[in-house]
Amino acid sequence: MCGRFSLSTPLEELVKQYMIDELMDDFEPRYNIAPSQKILSLLSYKGKRRAGGISWGLIPHWADQKKWKPLINARSETLLEKPSFKSLVHSKRIVIFGDGFYEWKQEKGQKTPVRFQLRNGDPFVFAGLWDRNEGVSTSTILTTRANELVEPVHKRMPVILTDPDDIEKWLNTEQYSFEEASSVLKPLQGNYMNGYRVSTIVNSPKHDSSDCTVPVSSIF
């Protein structure tokens with residue numbers, strides 16, 4: 001599951017690290033990104049990497065927008081079984097930029113927010129899919145089973161890609177089939193990450209400041 005995340009890494013750093021050829025939209029630091037909002041994503045088009053904003057919550061091209069509940073996550077293990085995703089895995093693969101994500105741990109009848117990030121604090125990307133419905137582009141973040149770090153908090157976690165070869169394999173739909181690219185859909189090793197409690201202000205998407213990412217406790 002991935003229902004909130006952050007991205008405050010300077011845009012210049014992302015352009016350099018991910019070899020972005022074309023930047024379609026401006027970007028401001030975000031600390032509590034929520035479903036339905038615009039998220040910064042990257043796709044490969046005719047050999048070039050294009051980055052831009054896309055709405056978070058997939059609406060398939062065949063769905064009725066007024067009746068459809070947007071899909072913010074998709075289980076990577078069953079993509080070929082679901083009508084919403086099975087056609088997208090071949091040509092509409094993207095990655096979504098982030099530098100941390102939030103999950104909520106059940107404790108004594110309450111939910112405690114926990115932020116997970118890479119141990120070195122670097123940005124990363126989530127594996128995702130996108131589609132277009134009546135001119136509106138939307139996206140979903142893929143999930144997998146939780147690693148040993150995340151599992152005590154939640155049974156699922158987003159598919160996080162950090163290896164440049166894995167990112168290229170997922171993005172480059174012309175060179176890599178889904179059968180080849182699906183090898184990247186696995187949990188990131190827990191020893192590459194850390195997690196810590198954060199303030200309950202993150203519970204509301206109305207709060208979107210650096211206070212959302214400040215550690216309350218390193219133990220969760």
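Answer with yes or no whether PRO35 is surrounded by 15 or more Cβ atoms within 10 Å (Cβ to Cβ), touching a Ser or Thr at 6+ places or on another chain (Cβ under 7 Å) and outside any strand (DSSP E or B).
Numbers: surrounded by 15 or more Cβ atoms within 10 Å (Cβ to Cβ): yes; touching a Ser or Thr at 6+ places or on another chain (Cβ under 7 Å): no; outside any strand (DSSP E or B): yes.
So PRO35 does not fit the description; no.
Looking at GLU179, GLU148, which is the one that is within 25 Å of GLU103 (Cβ to Cβ), among the acidic types (Asp, Glu), at pLDDT 95 or above and more than 18 Å from the chain's Cα centre (by Cα)?
On the way: GLU179 fails: within 25 Å of GLU103 (Cβ to Cβ).
Selected residue: GLU148, the only one of GLU179, GLU148 that is within 25 Å of GLU103 (Cβ to Cβ), among the acidic types (Asp, Glu), at pLDDT 95 or above and more than 18 Å from the chain's Cα centre (by Cα).
Which one of the conditions (1) crowded, with 18+ Cβ neighbours inside 10 Å; (2) farther than 24 Å from GLY121 by Cβ; (3) in contact with a helix residue (DSSP H, G or I) (Cβ under 6 Å, 6 or more places away or on another chain) does LYS86 fail to meet, given that it meets all the rest?
Of the numbered conditions (1) crowded, with 18+ Cβ neighbours inside 10 Å; (2) farther than 24 Å from GLY121 by Cβ; (3) in contact with a helix residue (DSSP H, G or I) (Cβ under 6 Å, 6 or more places away or on another chain), the odd one out for LYS86 is (1).
Looking at (1) closer than 18 Å to ASN32 by Cβ; (2) modelled with pLDDT under 95, which is the only condition LYS108 fails?
Going through (1) closer than 18 Å to ASN32 by Cβ; (2) modelled with pLDDT under 95 one by one, LYS108 breaks only (1).
Answer yes or no as to whether THR138 is at pLDDT 95 or above, buried (at least 21 other Cβ atoms within 10 Å of the Cβ) and either touching a Ser or Thr at 6+ places or on another chain (Cβ under 7 Å) or not basic (Lys, Arg) (or both).
On the way: at pLDDT 95 or above: yes; buried (at least 21 other Cβ atoms within 10 Å of the Cβ): yes; either touching a Ser or Thr at 6+ places or on another chain (Cβ under 7 Å) or not basic (Lys, Arg) (or both): yes.
Yes.
Anything in segment 183-212 that is under 17 Å from VAL150 (Cβ atoms) and of a type in the set (Ser, Thr, Tyr)? List them, or say none. Walk me through it before giving the result.
Looking only at segment 183-212, we keep the residues that are under 17 Å from VAL150 (Cβ atoms), and these are 185-198, 202.
If the condition is that a residue be under 17 Å from VAL150 (Cβ atoms) and of a type in the set (Ser, Thr, Tyr), then TYR192, TYR196 are the ones that fit.
With LEU149, LEU129, LEU118 as the choices, which residue is within 23 Å of GLY47 (Cα to Cα) and not small (Gly, Ala, Ser)? Explain how you work it out, then say what you get.
On the way: LEU149 fails: within 23 Å of GLY47 (Cα to Cα); LEU118 fails: within 23 Å of GLY47 (Cα to Cα).
Result of the check over LEU149, LEU129, LEU118: LEU129.
Just give me the residues in segment 123-144 being touching a helix residue (DSSP H, G or I) at 6+ places or on another chain (Cβ under 8 Å) and either under 18 Å from GLN189 (Cβ atoms) or among the small types (Gly, Ala, Ser) (or both), in sequence order.
Our first condition is that a residue be touching a helix residue (DSSP H, G or I) at 6+ places or on another chain (Cβ under 8 Å); within segment 123-144, this holds for 123, 125, 127, 129-131, 142-144.
Selection gives PRO123, VAL125, ALA127, LEU142, THR143, THR144.
Any residue in segment 192-213 that is within 18 Å of LYS111 (Cα to Cα) and at pLDDT 95 or above sitting within a Cβ distance under 7 Å of a residue that is aliphatic (A, V, I, L, M) and in a helix (DSSP H, G or I)? List the pairs, counting only those 6 or more apart or interchain.
HIS207/ILE201; CYS212/ILE201; CYS212/VAL202
The values are calculated or read from the model by the stated rules, or taken from the named source; none is laboratory data. Quick caveat: nothing in here was measured; it's all calculated off a predicted structure. Because the Cβ atoms are built from the backbone with ideal geometry, glycine has one as well, and the counts that use them run over all protein chains shown.
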